[in-house]
Each structure stands twice: as structure tokens, then as C-alpha cells.
Amino acid sequence: RYEPTWGSLDARPLPTWFDEAKFGVFIHWGVFSVPSFGSEWFWWYWQKEKREPYVKFMDTNYPPGFSYEDFGPLFTAEFFDANQWADILKDSGAKYVVLTSKHHEGFTLWGSKYSWNWNAVDVGPKRDLVAELATSVRNRTDLHFGLYHSLFEWFNPLFLEDATNAFKTRKFPTSKSLPELYEIVTKYEPEIIWSDGDGNAPDTYWNSTGFLAWLYNDSPVRDTVVTNDRWGAGSICAHGGFYTCSDRYNPGRLLPHKWENCMTLDRGSWGYRRDARLRDYLAIEDLVKQLAETVSCGGNLLMNIGPTHDGRIAVVFEERLRQVGAWLKVNGEAIYGTKPWRAQNDTATPGVWYTFRPGEGKVNAIFLNWPESGILELGEPRAKLGETQVKLAGYKELLKWVALGEKGMVIALPQLTPQQLPCQWGWTLQLTDVH
């Protein structure tokens, strides 16, 4: 049994499914999807920081005295079709999904008995959005279902009172945050608890170690659940399950601890923005690059989309997800279930990232630029005549190659028209018997 101490909790082995999954989809959805302007931090920027664009947006478009709470009934989700979402998620090639069950605004996407009249069953959709998505994902896909949960809430009077008392009192975690966490785990059995928003309070204030000990010892998901590292000030990149370290974390080198790169398709926001421009969205080439870099360095990629207040996944997000799925159909063997190799990227040619399949002894070289010469030089593999074989994922014939002394090789890529290429945006060479 795990003790409620970091020493004990941090020693828990990460369930293997998470490292093998490599790719997940993050979904930021909530009342912030109604103004859908600027950022999912809309309430904070408007009311607390009084940032000019937000104040002006409200003055221009809403009557005087309109409060953030008034957005609640406008979060309608009338087009939300959980089956359709599940099908898009499946086609993306993702192996897990993480939905924001509650962001820093405190609005829960399930009918929480600890969030009276500020939840999706009492206000707005009048539906349990968490239950609907969980059911569809489990019935229609093999994805693991996870939930994001914000510990703190910007404007909750109990939290503000505790903060004023320098967190010597614990009214908020005992009456709101912790009861909600126990509630979502027992009710929806998520296999990921993606915690966030410590409000600058230490983990002792949140009783994070107490909750995690219960989660790992006695909860219905004790054997399969994975957690992140956001459990109180100072725990990020130091304690918990996998490390996130910061948003959009992509170190470009091998880390000793399992980590995740959580990033978003819209460079400017995690929630949906009506004011986003096309250039604000990452291109599919950017996403394939992030995936290859992240996985080669031992990480998972958690790619975020923000649905609209009425429950639609915007077409640009759907297209990106389906593009990643199409790429993974050809190159999935270089991603899923791989381990980092002795070299993460190539020394001779930039834009080449390595992964390794230990069971098969196969090294994958993912290259992002097809050389004009049709010749690809790799500086890392040690190839041996008569033993080493080189294949292009999605192409039948073996490729010709020449060794460059002790280390390195030159590979002749097949001469293909754009239509004959097995995929776009990045390709995989499968190398067997490179010592």
C-alpha cells in the first residue's frame, strides 16, 4: 500500500499503457467557450486584471452589469454529439483523451453536488457532458478516458478566504475541491487525473498526497490510473506520475522521467476563440514534427482542441486530428509502444528523429524533409553489409544503402511521384540490425 507521502507515491510504477500510448487529445470546454474571445482565462483577464481588449469587448457587446455568471445559461451544447466526438478522436489515432471536467472558473461539466447551480446539469446544457463523452469513448473506441480538474477557482469566496489566511485555513479544499475529485473518480472511473491550478498553495493545503494514496490504494481505478505533476506549488516536474513541467514543454532531449508535452493547436488559446486567424493554428507539418520530437525523447504528446459553446469541434481542428490519424496509419509503428534509442536525433542530417522497438530490434528514423537529391545521409546508425535492412514505411521494396565507415550510412530513397508517396509531412525508415 502507498503511504500519503511523496516518497511512497513517487515510487509507484507508471501503468505501462500510458508510455505505450504516446498520443492523446486534450479538450478545453466550459463557460469560457461562450465569449470565446482572447483566452480561456477570459473571466480573470476581464474582471481581475481588467485587460483593455477584454473590458472593451464586454462594453461593446454586452449590457451594463452583465456578469460572467450570465454566460452560464448561454453555454448550450445543442450540437454536442458525443458519438461524433468519439469517432473523430478514434480517427485521430490518439490513444487517450483528457476532458476539462472543471477549469479555474469552477463550472463543472457534470452535475456535481459540490457545485450547486454552477454545473452543466443545473445550468446551460442541462446535461451530464462528462458522462456522455465517457460512455461514447468507451463504447466506440479503445481510447483511455481521462479528466482534467482544476484544484483552485479564481473567484470562489472560500478559496479567497483561505488565501487571505495564507492557507492556514482549509475551507475550500475540504468542502469543494477534494470532494469533487473523489466524486469524478468514483462516478466516471477516469484513467487519467490531469490536475492543474494550484493557486500558489502548497500540496499540504490541497491534501494531494492523501487523495493520491486513496487513488492508488482503494479507488476503482487504482491499477490503471495515471496522474500528472500539478498537485500544489513546488510539485510540478518533481512529484506525481508523469511530468508536464510547463505548458508546451518540449525539451528536445531525453529525460530520465516519463513526461508529457501538452500543447494546443491554437497558438493563442486552449479554449475556442472566435477571433482566431488561420495563421494562429499549427499546420499539420508542425504537429508531425512535435510528435516525432516528443516521442523520440521519451514523452507523450497531448494535443489540445477547444470546442464551441454549442458543442461543435471546429472543422479546422477536425481536419488536423484526421490528418494526424492518416499519418499514424502509415507511421504508427514508429510511434506507439516505442522506446527512446541511444540517439534521439541525427548528427548528420537535421530533422531526423529516432525511436526504437526493443522486441523487434528495429530502429525507426523519422525524417521530416524529403531530400531533393533522393539520398538521405544518417550519421548515427552502425550498418553492417549483409545484415542491415532498410525499409520505407508504407512502401514494399527494400531500399539500397551504403555504410560510411564505422558509423553512418547513405540511403537511396525510391523515386516516387507525390501521388506514390506513402504519406505526406514526414516519413519513416525502418532499420533492422543496426548495431
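The values are calculated or read from the model by the stated rules, or taken from the named source; none is laboratory data. Please read all numbers here as calculations on a predicted model, not as lab measurements. All Cβ positions, glycine included, derive from the backbone under ideal geometry; neighbour counts span all protein chains shown. Calculation scope for accessible area: heavy atoms of the full protein, side chains included, ligands and nucleic acids excluded. Shrake-Rupley method; radii C 1.70, N 1.55, O 1.52, S 1.80 Å.
Maximal additional length on extending the E49-D87 stretch stands at 9.7 nm, based on 0.36 nm per residue less the C-alpha distance. Other residues whose C-beta falls under 11 angstrom from the C-beta of E183 contribute a net charge of +3, scoring Lys and Arg +1 and Asp and Glu -1. Farthest towards the positive end of the charge dipole of region 339-432, among the residues G386, G374, C423, is the Cα of G386, using unit charges on the Cβ of Lys, Arg, Asp and Glu. For K113, which lysines qualify as cross-link partners when the Cα separation must be under 20 Å and same-chain residues fewer than eight apart are set aside? K113 reaches K102, K126, K171, K176, K187.
Can you give the FRET efficiency for N165 and N369, using 1/(1 + (r/R0)^6), R0 = 60 Å, r = Cβ-Cβ distance, to the nearest 0.05?
Values: r = 57 Å, r/R0 = 0.95.
Efficiency at R0 = 60 Å is approximately 0.60.
Each listed q (0.10, 0.13, 0.17, 0.21 Å⁻¹) maps to a log10 I(q)/I(0) for region 165-316 from the Debye sum over equal C-alpha point scatterers, namely -0.45, -0.75, -1.12, -1.29. Residues of region 1-28 with amide nitrogen under 14 Å from the 7 Å Cα-to-Cβ point of L255? In region 1-28, the label zone of L255 (backbone N under 14 Å from the point 7 Å along Cα→Cβ) covers 19.
The accessible surface of region 339-432, taken with every protein chain in place and a 1.4 Å probe, is 50 percent carbon and sulfur.
Taking the charge dipole of the chain about its Cα centre, with +1 at Lys and Arg Cβ atoms and -1 at Asp and Glu Cβ atoms, the residue from S36, Q323, S177 reaching farthest to the positive side is Q323.
Listed highest first by mean packing, meaning other Cβ atoms within 10 Å per residue, what order do 194-206, 380-392, 356-368 come in?
Numbers: 194-206: 20.5, 380-392: 16.4, 356-368: 18.2.
Sorting 194-206, 380-392, 356-368 by mean packing, highest first, produces 194-206, 356-368, 380-392.
Solvent exposure of the chain, expressed per residue, is 41 Å² of accessible area, with all protein chains present and a 1.4 angstrom probe.
Measuring only protein heavy atoms, the 1.4 Å probe finds I284 accessible over about 10 Å². Computed from phi, the 3J(HN,Hα) profile of region 93-106 under the Karplus parametrisation 6.51, -1.76, 1.60 (θ = phi - 60°) reads x, 5, 10, 8, 9, 10, 9, 5, 6, 7, 9, 5, 6, x Hz, with x in place of Gly and Pro.
Centroid-to-centroid, using Cα positions, region 1-78 and region 108-130 are 15 Å apart. For region 274-410, the Cα gyration tensor yields ellipsoid semi-axes of 34, 15, 14 Å (square root of five times each eigenvalue, largest first, whole Å).
Applied to region 298-315, the Karplus parametrisation 6.51 cos²θ - 1.76 cosθ + 1.60 on θ = phi - 60° returns per-residue 3J(HN,Hα) values of x, x, 10, 9, 10, 9, 9, 10, x, x, 7, 4, 8, x, 9, 8, 3, 4 Hz, with x for Gly and Pro.
Net charge in the neighbourhood of H309 (other residues with Cβ under 11 Å of its Cβ; Lys, Arg +1, Asp, Glu -1) is 0.
Dipole magnitude for region 103-249: computed about the Cα centre from +1 point charges on Lys and Arg Cβ and -1 point charges on Asp and Glu Cβ, it is near 180 debye. Extension gain for A131-K187 works out to 19.3 nm (0.36 nm per residue, less the C-alpha to C-alpha distance).
Under the criterion of Cα pairs below 8 Å and six or more residues apart, the relative contact order for the chain equals 17 percent. Translational diffusion of region 6-334, estimated by Stokes-Einstein from the Kirkwood radius over alpha carbon pairs at 10 °C in a medium of 1.306 mPa s, is 79 µm² per second.
Restricting to the chain, compute how many DSSP beta bridges are antiparallel as a %, nearest 5.
Values: 29 of 59 bridges.
In the chain, DSSP labels about 50 percent of beta bridges as antiparallel.
Under a Gaussian network description of the chain, with springs only between Cα atoms under 10 Å, the residue in R127, R253, R277 that fluctuates furthest is R277.
Among residues other than L89 whose Cβ falls under 12 Å from its Cβ, what is the net charge (Lys/Arg +1, Asp/Glu -1)?
Working: positive: K90, K95, R138, R140, R322; negative: D87, D91, D142, E318.
Once positives and negatives cancel, what remains is +1.
Excluding same-chain neighbours fewer than eight residues apart, the lysines reachable from K362 by a Cα-Cα span under 28 Å are K22, K90, K95, K258, K289, K329, K339, K384, K391, K396, K400, K407. Between the helical axis of 178-188 and the longest alpha-carbon principal axis of the chain there is an angle of about 60 degrees. Amide H to amide H distances under 5 Å link H144 with Y96, V97, where only residues 5 or more positions off or on other chains count and H is placed in the peptide plane. Where only DSSP H runs of four or more residues are counted, the chain gives -7000 deg cm²/dmol as its mean residue ellipticity at 222 nm, each run worth -39500 (n - 2.57). Among F79, N61, T100, whose Cα projects farthest towards the positive end of the dipole of region 1-116, with charges put on the beta-carbon of Lys, Arg (+1) and Asp, Glu (-1)? Result: T100, furthest along the dipole toward the positive end.
Computed packing ranks the peptides 399-408, 102-111, 115-124 as 102-111, 115-124, 399-408, most packed first, by mean other Cβ atoms within 10 Å.
Given a cut-off of under 8 Å on Cα pairs at least six residues apart, what relative contact order in percent is computed for region 22-74? Walk me through the numbers on the way to the answer.
Values: 22 pairs, mean separation 16.7, N = 53.
After rounding, I find 31 percent.
The distance between label points at A233 and Y62 comes to 3.0 nm (points 7 Å beyond Cα on the Cα→Cβ vector). With a simple spin-label model that places each label point 7 Å from the Cα along the Cα-to-Cβ direction, the separation between E69 and T224 comes to 4.0 nm.
Taking 0.36 nm per residue of separation and subtracting the Cα-Cα distance, full extension of the segment from R279 to N217 would add 17.7 nm.
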